[in-house]
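Chemist: One structure, pasted below without further comment.
The values are calculated or read from the model by the stated rules, or taken from the named source; none is laboratory data. What you see is a predicted model, and the numbers here were worked out from it, not measured in a lab. Please note: Cβ atoms are built from the backbone with ideal geometry, for glycine as well, and neighbour counts cover all protein chains shown.
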Amino acid sequence: MTKKKRLKKLRNLLLEMGTGKFFYRLERSGKNDNVEALVSVINMMAEEIEEVHVHQGYANANETIKHIVVMHFMFDAKGKILAVNPQACNLLYYVDEDLIGQPLTLLLDENTSKTWEYYLECQQEDNSGENAMQLTFKTKAGLLIPSACYISVINNNKGHEVEKILTVVKHSKKQVALEDELREPALKIYDSEGLEGEIAVEKPMRKKVRLTQDDIKMIEDARSLMLNDLARDFRPLKEFALQLGTNTFKLKYGFKELYGISVYRYLRNERLRKAKVLVQYGDNPFKSIVQLCGFKSEAHFSRTFKKEFGLTPTELRNKTFLNKD
Amino acid sequence: MIDYTENNYATYKIAEGILYIRYHIGVTIDLHAAVKIVEERLSLQKGQAYPALCDMRGVREVKKAARDYFALEGSVLLKAVAFLVEPSVSEVISKFYVLANKPPIPTQAFQTPEEAEIFLANYL
């Protein structure tokens, strides 16, 4: 592919992102030049943004409701496309006549074509119904859409397979959602007047405290401090907040807003994550893991661990050890 | 003591207190690969923490789930990480990783092994 063509694809991807579609990706070449570096950063950025869309925390707090973009494909037993919804044609830049009667591999990148063909082969022997797999679609213009796909088999009343349906769900934004939201309070006022005749205006919801850039920076610092020093005891929170130059309320509230989880729960999860890796793959005595990960005591560690993973640390270590042999 | 191992993604070697990881040319790292890579590393380390020199000049792509895994689980038992990179692709991937994932251990990218080793010497 020439540089010009690659840049053109890059431009197309940025245009798509501009309209709120962050699920497109650029195809990678084996080159190692500036364009390729740009392609790789933009792909990574798109991955990050796509994730933010799904995240319910602060990043989305002022957003309108997310719109769900779906692609549907219907196949016959041989994997030829029987029908497709217009939305999918739009996203893939095809018209439906191009697609009907064609194998799905026409729309997939090289790697996942193999995954799909392998799936179809297995299906002929063992028709097990529901399936989930990761496939990468390729638009007519060459942009990629990596997607989690759900495949269901539709049977007729004799239990014979008739068709397969493949569904892809994506997140995006649409202004319509905002308009619906705006309309909502007005309707509520109307309803309450009609019923009660006295309460005309709904109590306004408690307004969300806005986080400033400095607050966000402070909370990000709090997170890295905790991650870098899981062994430390962060209680009382008041002292930790003071160290960060803020107050307990802002730290607690802001953390929850930004990461969707409370400070202590986050700390607990990260401690457990670290401990799990150390239990599974390290050979440190549990006593040192308890210290390294900041648990209060071995008993506390063991209990929390079992609650989270369903196995005690000893059981998990033995299991990993046996699997290795 | 075994101080060398290899899998589909990388070769690992421990020498003079430094763990050397060299990724194979053209690898794409997804979550599955990241888990394997960390597992292999930890089984070689046998519970010891090391500074690591990670030659990622061959890496073509690191997916989001893998980046997240490296920044958390993947940093266990490492004192510091020096990436060995070259322009343009591996350099930019390492920059993005350090900026966006904020790994919990000292992490820097270098273009020569000598510079990387000087950096790691602080963590021996």
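Chemist: Pairs only if they're at least six apart or on different chains, beta carbon under 9 angstrom, first in segment A:67-79 and closer than 13 Å to A:Lys21 by Cβ, second modelled with pLDDT under 80 and not in a strand (DSSP E or B); list them, first residue then second.
Modeler: A:His67/A:Gly20; A:His67/A:Lys174; A:His67/A:Val176; A:His67/A:Ala177
Chemist: Right, something else. For segment A:272-289, enumerate the residues that are surrounded by fewer than 22 Cβ atoms within 10 Å (Cβ to Cβ) and either more than 9 Å from every other protein chain (Cβ to nearest Cβ) or more than 22 Å from B:Pro103 (Cα to Cα) (or both).
Modeler: A:Leu272, A:Asp283, A:Asn284, A:Pro285, A:Phe286, A:Lys287, A:Ser288
Chemist: Considering only residues that are surrounded by fewer than 19 Cβ atoms within 10 Å (Cβ to Cβ) and under 19 Å from B:Ala65 (Cα atoms), which ones fall in segment B:75-95?
Modeler: B:Lys95
Chemist: I've got another one for you. Does segment B:8-21 include one or more residues that are over 26 Å from A:Arg317 (Cβ atoms), buried (at least 18 other Cβ atoms within 10 Å of the Cβ) and away from chain A (no Cβ under 13 Å)?
Modeler: yes
Chemist: Looking at segment A:290-317 only, could you name the residues that are crowded, with 18+ Cβ neighbours inside 10 Å, of a type outside the set (A, V, I, L, M, F, W, C) and assigned to a loop (DSSP other than H, G, I, E, B)?
Modeler: Hit for segment A:290-317 is A:Gly294, nothing else.
Chemist: Wholly within segment B:30-120, which strands (runs of 3 or more DSSP E) include no fewer than the required count, namely at least 2 residues that are more than 10 Å from chain A (Cβ to nearest Cβ)?
Modeler: In segment B:30-120, the matching strands (runs of 3 or more DSSP E) lie at B:50-55, B:78-84, B:107-110.
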